[in-house]
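Inspection log for the structure reproduced underneath, given as structure tokens.
We did not get these values from a lab; they are worked out from the coordinates using the rules stated. Values in this document were obtained by computation on a predicted structure and should not be read as measured data. Cβ sites come from the backbone with ideal geometry, for glycine too, and all protein chains shown count toward neighbours.
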Amino acid sequence: MLNHRSSLSHDTGFTPEQVLENRGRVAIFIDGSNLFYAALQLGIEIDYTKLLCRLTAGSRLFRAFFYTGVDRANEKQQGFLLWMRRNGYRVIAKDLVQLPDGSKKANLDVEIAVDMMALVGCYDTAILVSGDGDLAYAVDAASYRGVRVEVVSLRSMTSDSLINVSDRYIDLDSVKDDIKKTPRSHSNGYTYRPLTSLGVMEEEEATSEPG
């Protein structure tokens, strides 16, 4: 399916205002771990209130989904996810699985793909915040069912196959100033960490204070 579909041009000739006018109802699908590591590369912390406003950009929001691995014993993470649920996000959490090397991981690609397809008909534009090429097939399938798909991710962490099947690509680097925390924008009191690696956890705890 991916092989015979020609890549859509991302320079359509439309103004940003015209693009937004044609979005209709939007559904947002955020890969929490992917976004966290993109923010780490950019050297920023995400303000999730600003992020929701920037992604919606005045369009009608159907729902914003946030997918993350979860450690049920981590009270700070539970507090952060509670804040997310009360501030416009539908959180889909999956228990972390400890791997033989001691790291912890939760892959939510299936959940993102299933939700994106199951809700086709409820929204007009999908905004996928992830650079994972494993989601390209689901994006392509959704587009064949009449959905317009925008991909938002850091270019260096984004698969070409995902960009090629999207209708619009936005590099996180180009919008980082609109979505980053500032000293006055500690909106939730928590710093999101995906907890996918014990080494990363230990390093962050040694170098970072809670947001």
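In whole angstrom, note down how far apart the Cα centers of region 76-96 and region 104-162 are.
What the calculation gives is 20 Å, centre to centre.
Cross-link list LYS94/LYS176; LYS50/LYS104; LYS76/LYS104; LYS76/LYS181; LYS50/LYS105: which exceed 25 angstrom alpha carbon to alpha carbon?
As for pairs spanning more than 25 Å Cα to Cα, those are LYS94/LYS176; LYS50/LYS104; LYS50/LYS105.
Using DSSP to call loops (not H, G, I, E or B), can you name the trypsin sites (Lys or Arg not before Pro) in region 116-157 whose Cβ has at most 14 other Cβ atoms within 10 angstrom?
Qualifying residues, ordered by number: ARG145.
Under the rule a/c < 1.5 gives rounded, and otherwise a/b versus b/c splits prolate from oblate, where does region 68-130 land using the Cα gyration tensor?
The shape class here is oblate.
Can you pull the one-decimal nm distance between simple spin-label points at ARG60 and LEU99, each 7 Å off the Cα toward Cβ?
With each label point 7 Å from Cα toward Cβ, the separation is 4.3 nm.
At a 10 Å Cβ-Cβ cut-off, how would you order MET116, MET157, fewest neighbours first?
In order of increasing Cβ crowding within 10 Å: MET157, MET116.
Quickly rank 57-65, 162-170, 99-107, 25-33 as a protection proxy: mean count of other C-beta atoms within 10 Å, highest first. Could the numbers behind the result be given before it?
Numbers: 57-65: 16.4, 162-170: 20.7, 99-107: 13.2, 25-33: 23.7.
Final packing ranking: 25-33, 162-170, 57-65, 99-107.
Residues with beta-carbon under 13 Å from that of GLU111, excluding GLU111: net charge, scoring Lys, Arg +1 and Asp, Glu -1? Numbers along the way, then the final one.
Values: positive: ARG90, LYS94; negative: ASP31, ASP95, ASP109, ASP115, ASP132, ASP134.
Cβ neighbours under 13 Å give a net charge of -4.
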